[in-house]
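Okay, so here's the structure we're looking at.
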Amino acid sequence: MKYPKLSLDKLINEGTGSVTVQERRKFLKLGLSIAGVYAGGTILSLTSVIGKAQASGGGVFVEKYPYNPHYSMVIRQSLCIDCEKCVDACNMTNHVPEYGYRTRILTKKYTGKLDKQVEFIPVLCNQCNKPACVRACPTKATYKDPVTGIVLMENKKCIGCKTCILACPYDARYFNVEKRAVDKCDFCWDKRLSQGETETGCSAACPTGSRTFGNLTDPENIVYKLVHQLEEQVWVIRPADDTKPNIFYMKGNMRSVDNILNEQKFKYFDPNKS
């Protein structure tokens, strides 16, 4: 029997969504990750995942984890209800002025869909491993802490040129008039983490667990499990900028989250009662 010659140029990439969970698990056992699916699974493109966290499309998130703890956050969009308790907790914890922001919730509207017409997307500083803001700052007022990896601000060095604001791909900075310096999210390092707390104000205040904060180097940590799981696709914002962000996104329905976290519960923190 003669088989038709396969033309690779005519194959269409269907994305990795058509690969079943069982197939994904088999590939993972071999140390491989799916980088592409073509023409109904005729050809699979596989890449090594040993020591790497990968995007659903095959792009590498983090080639290695330079810090320990390597602070990171996973945003599960489907769990965000736009209550803004995270924003209130952030503003109260870090004394953010009314005109400023360290975190926000964006709204994405859909047309022609009856089941879901709106989606909420929490955004904040992505605490990049290769931060464009640090490279752009002429006075080194913004820097990546060599121990924690958190991108921080040294206010006395800031000259208000706002170059870092223009360089940031995530629009995560603003100029604080009172401080006379640019301000941004620092994972609540000054107010919480350095004081012995294990969560940021926004993640602790989220009543649904949409924001999950933790250590990306610890295989037993919730963040590590979410980033490396195979049940759902995980992605980062603006991967083409190659900033190696430490804020990850996934849809995160409750059933898959329960399976991934193995019944670990979230503790809700009310900033108004602290």
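The values are calculated or read from the model by the stated rules, or taken from the named source; none is laboratory data. Everything numeric in this text was worked out from a predicted model, so none of it was measured. Glycine also receives a Cβ, built like all others from the backbone with ideal geometry; neighbour counts cover every protein chain displayed. Heavy atoms of the whole protein, side chains included, go into the accessibility calculation; ligands, DNA and RNA do not. Shrake-Rupley method; radii C 1.70, N 1.55, O 1.52, S 1.80 Å.
Here Met92 fits the description: open to solvent by 50 Å² or more (accessible area, probe 1.4 Å), in contact with a helix residue (DSSP H, G or I) (Cβ under 7 Å, 6 or more places away or on another chain) and at pLDDT 55 or above.
Here Leu216, Leu230 are screened, and the one residue that is open to solvent by 30 Å² or more (accessible area, probe 1.4 Å) and in the same structural domain as His95 (by TED's automatic domain parsing) is Leu230.
Here Leu106 meets the list (1) among the aliphatic types (A, V, I, L, M); (2) under 16 Å from Asp186 (Cα atoms); (3) out of contact with any Pro (no Cβ under 6 Å at 6 or more places or on another chain) almost entirely, failing just condition (2).
If the requirement is being in the same structural domain as Cys125 (by TED's automatic domain parsing) and surrounded by 15 or more Cβ atoms within 10 Å (Cβ to Cβ), which of these qualifies: Lys162, Lys156, Lys179?
Lys179
Can you name the number of the only condition in (1) open to solvent by less than 30 Å² (accessible area, probe 1.4 Å); (2) free of Cβ contacts under 8 Å to residues at least 12 places away in the same chain that Phe187 fails? Only one criterion is unmet by Phe187, namely (2).
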